[in-house]
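Report on one structure; see the data block that follows.
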């Protein structure tokens with residue numbers, strides 16, 4: 001994992017936007033590449049003048065969109081039997097049910113706030129035949145927030161971007177866990193909240 005991360009970041013320094021596009025494409029496909037550190041690194045490289053800001057943003061959006069589209073196709077077609085096997089798990093079926101309740105929100109927040117859920121949510125979107133244009137819209141909006149926020153972080157702390165990226169990576173699981181717990185708490189609270197019954201007509 002560490003070797004793959006270092007290889008990806010070395011490629012960014014050498015190949016710039018093309019490497020960013022490839023890294024984010026692989027990340028959207030569920031490959032364990034350092035996607036968020038790559039965006040932070042590109043912000044730092046933009047501050048140093050090694051890459052252009054808007055071409056980097058464009059490369060990031062193209063890479064994530066292509067990766068999302070490919071992952072959506074995997075979920076939609078279910079090859080090679082991936083979705084069928086996953087549906088045997090109770091947790092997966094619950095995740096599908098929650099996705100169907102609020103698909104747009106799930107897609108948007110999984111792109112930038114709870115990124116470990118992005119790939120599973122994409123598979124579910126494909127498996128549930130969620131309309132592809134809407135899928136791309138909400139995914140792209142989430143990715144815009146992700147790219148701009150972490151790119152700005154790398155730009156602001158260019159001289160210390162490796163340390164910043166390490167801090168982000170170390171805190172990411174805790175942030176994701178907190179968000180999941182908060183969502184679960186809201187769901188439980190709504191289920192237990194007493195529902196008012198209409199009074200009978202006099």
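The values are calculated or read from the model by the stated rules, or taken from the named source; none is laboratory data. Computed from a predicted structure; not experimentally measured. Here Cβ is always computed from backbone atoms with ideal geometry, including for glycine, and neighbour counts include all displayed protein chains.
Annotations
- In this structure, residue 150 does not qualify as buried (at least 21 other Cβ atoms within 10 Å of the Cβ) and part of a loop (DSSP other than H, G, I, E, B).
- Residues of region 36-87 that are within 18 Å of residue 165 (Cβ to Cβ) and outside any helix (DSSP H, G or I): 48, 50, 51.
- Of the criteria (1) surrounded by fewer than 22 Cβ atoms within 10 Å (Cβ to Cβ); (2) in contact with a helix residue (DSSP H, G or I) (Cβ under 7 Å, 6 or more places away or on another chain); (3) modelled with pLDDT of 80 or more, which one residue 169 fails: (3)
- Residue list for region 26-35, restricted to those being surrounded by fewer than 23 Cβ atoms within 10 Å (Cβ to Cβ) and part of a helix (DSSP H, G or I): 26
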